[in-house]
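A short worksheet on the structure shown next.
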């Protein structure tokens, strides 16, 4: 209407706005929000880069870029783009009482450690040694090789102690590598407690088991590894991304690195 009055009656913009009862500032306003198509394009981009992320975690990535929106609207866009993560069926298990450990109160209060296994494209098996700080949820190490004996585990721990400091407790299962005399002697000399879970009770090492599931889902299941070196490079890149970029809902959607930095700042 304002444009019509200006063109037909040759009125100024201010005069035309006054005739229709519209403030000039309102007429001149242009939204600074990104277009919906831009948001959808960024949503597709993040979903392609992180195909195992759900809409809430993708929303955190969009929020970091300044694309804030209601979670209901985000979910509608997520469904329109057909980005829903395919759920994997879980086998039903017999219910059993869980033994939970109290949450760690500071970095290095407790580490959790476990092994996972996978295979190269040629069929050769390899293993990974996974070590997680229970407080910051930071993955301290993902050691990859075809064999990881007790002496190798000790060397990895010594390297981590130099980088991060000494833990008070390390939670492990009953794998032969963790029951190795070399590892036991190292723990005794360092004054570190090895807390063994009960046989057949992985839930007692819940922190690292949760990490293992995410590691399988977002890394091991997404790649075909040509060689051990190729596996090391891809797995280390994923570890750094998990620590520095991936929002963790249990940390208020902060990354482990941000959470650790904030804790140090508060302390």
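For the stretch 120-202, the convex hull spanned by the alpha carbon atoms encloses 117 Å³ per residue. The C-alpha atoms of the chain define a longest principal axis, and helix 206-218 lies at about 60 degrees to it. Helix 256-266 versus the longest principal axis of the chain: what is the Cα-based angle in degrees, 0 to 90, to the nearest 10? The angle comes out near 90 degrees. Determine the equivalent ellipsoid of the stretch 132-267 by diagonalising the alpha-carbon gyration tensor, then write out the semi-axes as square roots of 5 times the eigenvalues, largest first, rounded to whole Å. After diagonalising the Cα gyration tensor, the semi-axes are 24, 21, 15 Å.
Classify the stretch 164-242 as rounded, prolate or oblate from the Cα gyration tensor: take a ≥ b ≥ c as the square roots of its eigenvalues, call it rounded if a/c is under 1.5, otherwise prolate when a/b beats b/c and oblate if not.
Prolate, because a/c is 1.5 or more and a/b exceeds b/c.
Expressed as a fraction of 2.2 N^0.38 Å, the C-alpha radius of gyration for the chain is 1.43.
In what sequence, highest mean first, do 251-260, 63-72, 130-139 appear when ranked by Cβ atoms within 10 angstrom?
Numbers: 251-260: 17.6, 63-72: 11.5, 130-139: 23.3.
Ranking the peptides 251-260, 63-72, 130-139 by packing returns 130-139, 251-260, 63-72.
Would you calculate, for the chain, the mean residue ellipticity at 222 nm contributed by helices, counting each DSSP H stretch of 4 or more residues as -39,500 (n - 2.57) and dividing by all residues, to the nearest 500? Please list the in-between numbers first.
Working: 11 runs with 120 residues, N = 267.
My calculation for the chain gives -13500 deg cm²/dmol from helical runs alone.
With both residues required to sit in the stretch 116-267, DSSP beta bridges show an antiparallel share near 75%.
When DSSP beta bridges are restricted to pairs lying wholly in the chain, around 70% turn out antiparallel. Return the whole-Å distance between the Cα centroid of the stretch 205-238 and the Cα centroid of the stretch 125-139. So the separation of the two Cα centres works out to 10 Å.
Report note on the peptides 190-201, 110-121, 209-220: ranked by the mean count of other C-beta atoms within 10 Å, highest first, their order is 110-121, 209-220, 190-201.
Reducing the stretch 60-78 and the stretch 160-193 to their Cα centroids gives an inter-centroid distance of 43 Å.
Values quoted throughout were computed directly from the atomic coordinates according to the rules given, and no laboratory measurement underlies them. In this text the structure is predicted, and so the values were computed from the model without any measurement. A quick note on method: Cβ atoms are made from the backbone with ideal geometry, for glycine too, and the neighbour counts reach across all protein chains shown.
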